[in-house]
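Asks: Pasting in a structure now, in structure tokens, and then I'll have a few things to ask.
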Protein chains: 2
Amino acid sequence: MQFEPVLHELMQALRCLPGVGQKTAQRMAFHLLERDRQGAFKLAQSLADAVDKVSHCETCQTLTSSAVCGLCSDQRREQTLLCVVETPADVMAVEAATSFKGLYFVLNGRLSPLDGLGPADIGLDKLSARFQQGLIEEIILATNPTVEGEATAHYISEMAKKYAIKTTRIAHGVPFGGELEYIDSGTLSHAFSGRSEV
Amino acid sequence: MQFEPVLHELMQALRCLPGVGQKTAQRMAFHLLERDRQGAFKLAQSLADAVDKVSHCETCQTLTSSAVCGLCSDQRREQTLLCVVETPADVMAVEAATSFKGLYFVLNGRLSPLDGLGPADIGLDKLSARFQQGLIEEIILATNPTVEGEATAHYISEMAKKYAIKTTRIAHGVPFGGELEYIDSGTLSHAFSGRSEV
């Protein structure tokens, strides 16, 4: 026996959310219909709205509802400095935590041959075209310190070499407030090799 | 710094889902917009559809898109036997696992004074009216074996007594495939007090 078509369809549709399986979808559907119909209605509208309006910024590939995002069109930001990150959320994180005042380039992913993501899929052709324009003087590679993130950073640094652009990588080491005793060996070895003079 | 209004609204809207906080909502929003726009569009439609069409069955209170649900309007089912459960999902579970061929009554909750859920909120006035009709001969109390579920079962059994309706409670004991050594003491004591002759 199955749920009614309308309910069944809602449960199936909820499974498109990351980390939501059959049981969770069922719980979500009942919760929405039983306790929060207004929330469900609002969610339906917001989803339709976002799918309709949000696309990628022509310049930096972040998610935006205009052709060019607010950061890219802000002429007060340093136009010669470019920070390369993996996701739009990373842009927010950097903006919130640092005093970086340059521009961003969002890969919306990382090089990952196993997932079928090659250079063109994460917009590296676009980045290369931007290097060619000659405006960028330094790029800061802020991809995640994972195997794929490191490979992506290496690939981009090789690209930048061709145009003689200065390339820096954000530091990896012991996190603030961390204790050496509990840090994994990979991080600790990074912290040693990346040591700086005091 | 915040996300653009459209994105921000989507993230806020996603938080109406149970168990979804800020970080998860952000991950879900990016996943949908980046990797599964079709899924997001479908979800928006299904949600709007369900909110529009699904309501409670007039007879048993389960979620349905018709006035009376399929089970209640099925004349081949035993009209004298009524199983009381907490949620529509429980109806599915009983249907899938047992050969029960009677009718259901769905409380859509349980008595829970702390959450402000009294007898009228879970439709016990409706159940009482149904007892009064005189068609029901036996009720099977299949609420969950939690404190609230037990209290609800007790409350309904007292109601049924007034109309001299036979009342049974599903058995609680060691689950099939379980081992005594690892069973909690509450379940084990239930299993002993609920023992039956072989």
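Asks: What residue in chain A has the Cβ closest to the axis turning A into B, and how close is it in whole Å?
Replies: A:A44, 2
Asks: Let me see the P(r) profile for chain A: every Cα-Cα distance counted, bins of 5 Å, each bin given as a percent of all pairs.
Replies: The distribution over chain A is 1, 6, 11, 14, 14, 12, 11, 10, 9, 6, 3, 1, 0, 0, 0, given as percents.
Asks: Please rank B:E181, B:E148, B:E137, fewest neighbouring Cβ atoms within 10 Å first, as an exposure proxy.
Replies: Ranking B:E181, B:E148, B:E137 by Cβ neighbours within 10 Å, fewest first, gives B:E181, B:E137, B:E148.
Asks: Please tell me the relative contact order of chain B in percent, rounded to the nearest whole number, where contacts are Cα pairs under 8 Å and at least six residues apart.
Replies: Once divided by the residue count of chain B, the mean separation gives 13 percent.
Asks: What's the long-distance tail for segment B:73-169, i.e. % of Cα pairs beyond 24 Å?
Replies: For segment B:73-169, the share of Cα pairs beyond 24 Å comes to 16 percent.
Asks: Quantify how strongly other chains surround peptide A:176-187 by giving the mean number of their Cβ atoms within 10 Å of each of its Cβ atoms.
Replies: 0
Asks: Separate question: Give me a single rounded figure for A:2-15: the average over its residues of other chain Cβ atoms within 10 Å of their Cβ.
Replies: Per residue, the number of nearby Cβ atoms from other chains is 6 on average.
Asks: Determine the alpha carbon to alpha carbon distance for each of A:K101/A:K126; A:K53/A:K126; A:K42/B:K126 and list only those over 29 Å.
Replies: From A:K101/A:K126; A:K53/A:K126; A:K42/B:K126, over 29 Å: A:K42/B:K126.
Asks: Taking the number of other C-beta atoms within 10 Å as the exposure measure, put A:I170, B:I140, A:I139, B:I122 in order starting with the fewest.
Replies: A:I170, B:I140, B:I122, A:I139
Asks: So the label point sits 7 Å from Cα along the Cα-to-Cβ vector; using that for A:D36, what distances do you get to the other copies, in nanometres, sorted shortest first?
Replies: In nanometres, ordered from closest: 1.8.
Asks: With springs connecting C-alpha atoms under 10 Å apart, model chain B as a Gaussian network and identify which of B:D125, B:D49, B:D74 has the largest mean-square fluctuation.
Replies: Checking each option, the largest mean-square fluctuation is seen for B:D49.
Asks: Binning every alpha carbon pair distance of the protein assembly as shown at 20 Å from zero, what are the percents per bin?
Replies: Distribution as computed: 21, 38, 26, 13, 1 percent.
Asks: Give a quick list of trypsin sites (Lys or Arg not before Pro) in segment A:94-192 that DSSP marks as loop, anything other than H, G, I, E or B, with at most 14 other Cβ atoms within 10 Å.
Replies: A:K101
Asks: Between copies, how close do the B:S66 label points come, placed 7 Å along Cα→Cβ, listed in nm from shortest?
Replies: 5.3
Asks: Also, I was wondering about something else. Would you give the gap between the C-alpha center of segment B:1-63 and the C-alpha center of segment A:136-198, rounded to a whole Å?
Replies: 37
Asks: Hey, fewest Cβ within 10 Å first, where do B:L127, B:L135, A:L81 land in order?
Replies: Ranked by crowding around the Cβ, least crowded first: B:L135, A:L81, B:L127.
Asks: Right, next: What do you get for trypsin sites (Lys or Arg not before Pro) in segment B:1-97 restricted to DSSP loop and a cutoff of at most 13 other Cβ within 10 Å of the site's Cβ?
Replies: Of the trypsin sites (Lys or Arg not before Pro), the ones in loops of segment B:1-97 whose Cβ has at most 13 other Cβ atoms within 10 Å are B:R76.
Asks: Label-to-label distances across copies for A:K126, with labels 7 Å out along Cα→Cβ, in nm, shortest first?
Replies: 5.2
Quick note: the coordinates plus some simple rules give every number you see, no bench work behind them. No experiment lies behind these values; they were computed from the predicted model shown. Here the Cβ is made from the backbone with ideal geometry for all residues, glycine too, and neighbour counts use every protein chain on show.
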